[in-house]
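Handing you this structure, nothing more for now.
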Amino acid sequence: MARKISEIVGRGYDDFLTTRCFYRVVKGSKGSKKSKTAALDFISKMVAYPGSNLLVIRRYFSDIRDSCFQDLQWAIEELGFSEYWNVNKARVELEYKPTKQKILFRGLDDASKIASISVAKGHLCWVWFEEASQITNEKEFDKICMSIRGRMDPALGLWKQVTITFNPWSEHHWLKARFFDKPKRNVFYDTTTFRDNEFLDDVDIQRYLDMYVENPRLARVICDGDWGIAEGLVYTDWEESEFDYREILEDPDVVATYGLDFGFVASYNAFAAVLVNMKTRTLWVYDEMYVRGKSNVDIAKQITLM
């Protein structure tokens, strides 16, 4: 039997579910149920609005199968619509059987094939950028958004909308300047936290509360959904961008260096691979590892295998 989305999603997302702004942007802490809520919202709306189709984007296509693809299947099951949806695991595609509406999944690692994407039935009117903080190329983002164009059939009651969900790891990310620093027309933006998730149990909640004591700075991002801040950092003049480290290494003034800091018990093991140009005093960090709970021997083996 079909269930109402309000029975499943709980509190904290009323405005998110009802806004018709072209950009619907939510940054949130871990466990703020933003991805689950978005999945429930898309499935319920696709059933309610024949002719609607959804494109789901992540930075890497390989990350889709075990994340948003699973979340949307979960939403179909939770809403009681399983018998009406085809799940094509080979193509990574979902289809609503009664009307042939589709949910398509693509990765920006093959961005050239996305801009011209189309659907056979209805309109490609909605896009969902999941884990958008991984997307460093704003131009590629804009290119995808421009594919949502054209007049919608008024009889279908559809609207165009780009949904963006992410964890705000860095205040240097272009998402902050574009959507959060100044109010903009046709943009809905919000911040959600674990406190909006009433489905967490006491053990889950205590883990978040412990972080305020163990690592207050990280808690601002993980628990409060605040931006990762540059305060107190050694390097403040930096930006996130895409580059090919092999091309940079072709410069004879550039050398590859590696740094490793072993942690002890509760501390983190940190590894960084960095290209350095001493003449221009430029650094490119092209690989990193930051883990806790593994022995130094295990970390050394991982680094050897990289």
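Does Arg106 fit the bill of being at pLDDT below 95, touching an Asp or Glu at 6+ places or on another chain (Cβ under 8 Å), surrounded by 14 or more Cβ atoms within 10 Å (Cβ to Cβ) and in the same structural domain as Val26 (by TED's automatic domain parsing)?
Working: at pLDDT below 95: yes; touching an Asp or Glu at 6+ places or on another chain (Cβ under 8 Å): no; surrounded by 14 or more Cβ atoms within 10 Å (Cβ to Cβ): yes; in the same structural domain as Val26 (by TED's automatic domain parsing): yes.
No.
Another question, if that's okay. Tell me yes or no: at least one residue of region 38-58 is touching a residue at least 40 places away in the same chain (Cβ under 8 Å), in a helix (DSSP H, G or I), out of contact with any Leu (no Cβ under 9 Å at 6 or more places or on another chain) and more than 23 Å from Phe199 (Cβ to Cβ).
There is no residue in region 38-58 that is touching a residue at least 40 places away in the same chain (Cβ under 8 Å), in a helix (DSSP H, G or I), out of contact with any Leu (no Cβ under 9 Å at 6 or more places or on another chain) and more than 23 Å from Phe199 (Cβ to Cβ).
Something else now. Take the residues in region 50-87 that are over 19 Å from Phe141 (Cα atoms) and touching a Cys at 6+ places or on another chain (Cβ under 9 Å); name whichever of them is modelled with the lowest pLDDT.
Per the criteria, the residue is Gly51.
Has region 112-129 got at least one residue that is within 22 Å of Ile148 (Cβ to Cβ) and charged (D, E, K, R)?
The answer is yes; a qualifying residue exists.
Starting from region 214-225, take each residue that is outside the structural domain of Asp196 (by TED's automatic domain parsing) and list its partners that are among the aromatic types (Phe, Trp, Tyr) and in a loop (DSSP other than H, G, I, E, B), counting only C-beta distances under 7 angstrom and pairs at least six apart or across chains.
Val221/Trp169
Can you pull out every residue in region 87-100 that is closer than 16 Å to Gly122 by Cβ and assigned to a strand (DSSP E or B)? Even if it seems obvious, please write down each step before you answer.
So the first thing to find is which residues in region 87-100 are closer than 16 Å to Gly122 by Cβ, and the list is 93-100.
Correct list: Glu93, Leu94, Glu95, Tyr96.
Would you confirm, using the coordinates I've provided, whether Thr236 is over 22 Å from the mean Cα position of the chain (by Cα), under 30 Å from Glu138 (Cβ atoms), among the polar types (S, T, N, Q) and at pLDDT 90 or above? Give the steps one after another, and end with the answer.
Details: over 22 Å from the mean Cα position of the chain (by Cα): yes; under 30 Å from Glu138 (Cβ atoms): yes; among the polar types (S, T, N, Q): yes; at pLDDT 90 or above: no.
So Thr236 does not fit the description; no.
Follow-up question, since we're still on this one. When the residues of region 109-148 are filtered to those that are small (Gly, Ala, Ser) and part of a helix (DSSP H, G or I), which remaining residue is surrounded by the fewest Cβ atoms within 10 Å (Cβ to Cβ)?
Ser112
The values are calculated or read from the model by the stated rules, or taken from the named source; none is laboratory data. All values derive from a computational prediction rather than experimental measurement. Note that we place each Cβ from the backbone using ideal geometry, even for glycine, and neighbour counts take in every protein chain shown.
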